[in-house]
Amino acid sequence: MKKKNLFTAPLLILLFLCPLLLLTACSFGGSSAGPQTPEPEEVVYHGKIMQNTGESLLLAGAGENADSAELYRLGLKELSVYGLDGGAAEPGDLTAGALVDVVYDGSIMESFPAQFSRPVKISVTALEDDLTGLYLQIIDDLYRIDPGLNDGISLVAFDLSAVENLSPSEKSALLYLTGNAYGLETRAATYKELVEEGLIDEENLYFEKGLLFTFDDMEFSDQSFTFDVKKWRSGLGAYYFVDCTAEKGEAGWDYSVGQEAIS
């Protein structure tokens, strides 16, 4: 007797269609569609505004970031801005000295200054003094006096070891902003370090390629501090501000020079 074939044409068609139906179901939002792309993590950076150009901010580290020499440039376009009261604010309201929290996706674009990946908002958390701006003014005033000392230089070095009222991140910003202002290389260094590197000829007392700014004799209080500062090019080429006093008034910080000297 001939056996009956169970795999009739309709059954074969059904068996062929089942896998296609399963694949189609998975393609339309089923939970078995595979791993989903996670939402970007939001990270908060605590910083201090060093400069507001109108288009971007220069930020130095604050809080746990204050000891870092890293600086950040933050564009203000399409960025949500919140003031100290938590309400919406304008980019122009972000002033130097303000402490801020920047929310971004956790990635950093390697450049100098570094940049945040996908920043979404910035919030002011406190208002502090812009002491970096005061030091910039002191340096600029001294730089412009006796301009012959500046001829032919490519480097400006700063001995800030006696400066106790700026954090390492603020000192980094001071060097960066000074370099931008004069179009020169800047770095932190002492006289001894520059001699050891061969940049200062100690025998002839001459810094061929640069200037050395040194702050010393500094005493600090909450509302004022005293200091001397000198611009040095050689043993016979230096200018001094002596017995200076910086004080905080209603309009912010300002300073006066007790005496000026030249060598």
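General observations
- Figure legend. Inter-residue proximity from region 34-57: first residues surrounded by fewer than 18 Cβ atoms within 10 Å (Cβ to Cβ) and modelled with pLDDT of 95 or more, second residues polar (S, T, N, Q) and not in a loop (DSSP other than H, G, I, E, B), beta-carbon distance below 6 Å, spacing 6+ or different chains. Indicated pairs: His46/Asn65.
- Residue within region 73-95 that is surrounded by 13 or more Cβ atoms within 10 Å (Cβ to Cβ) and on the phi > 0 side of the Ramachandran plot present: no
- For region 156-165, the set of residues classified as surrounded by fewer than 19 Cβ atoms within 10 Å (Cβ to Cβ) and either more than 17 Å from Cys244 (Cα to Cα) or of a type in the set (Asp, Glu) (or both) consists of Ser161, Glu164, listed by residue number.
- Of all residues in region 138-155 being surrounded by 15 or more Cβ atoms within 10 Å (Cβ to Cβ) and of a type outside the set (A, V, I, L, M, F, W, C), the one that is nearest to Gly97 (Cα to Cα): Tyr143
- Candidate set: region 233-263, residues that are surrounded by 17 or more Cβ atoms within 10 Å (Cβ to Cβ) and either over 28 Å from the mean Cα position of the chain (by Cα) or at pLDDT below 95 (or both); chosen: the one farthest from Ile153 (Cα to Cα): Cys244
- Candidate set from region 169-194 (those that are out of contact with any strand residue (DSSP E or B) (no Cβ under 7 Å at 6 or more places or on another chain) and open to solvent by 60 Å² or more (accessible area, probe 1.4 Å)); member that is farthest from Leu58 (Cα to Cα): Lys192
- Qualifying positions in region 58-67 - open to solvent by 50 Å² or more (accessible area, probe 1.4 Å) and under 20 Å from Leu175 (Cα atoms): Asp67
- Considering region 96-119, and only residues there that are in a strand (DSSP E or B) and of a type outside the set (A, V, I, L, M), the residue that is surrounded by the most Cβ atoms within 10 Å (Cβ to Cβ) turns out to be Phe116.
- Under the condition of being on the phi > 0 side of the Ramachandran plot and free of Cβ contacts under 8 Å to residues at least 60 places away in the same chain, the residues counted in region 96-125 number 1.
- Region 195-229, residues that are more than 26 Å from the chain's Cα centre (by Cα) and either in a helix (DSSP H, G or I) or surrounded by 20 or more Cβ atoms within 10 Å (Cβ to Cβ) (or both): Val195, Glu196, Ile200, Phe207, Phe227
The values are calculated or read from the model by the stated rules, or taken from the named source; none is laboratory data. From a predicted model like this one, the values you see are computed outputs, not experimental measurements. Glycine also receives a Cβ, built like all others from the backbone with ideal geometry; neighbour counts cover every protein chain displayed. Heads up: the accessible areas ignore ligands, DNA and RNA and are worked out on the full protein's heavy atoms, side chains in. Shrake-Rupley method; radii C 1.70, N 1.55, O 1.52, S 1.80 Å.
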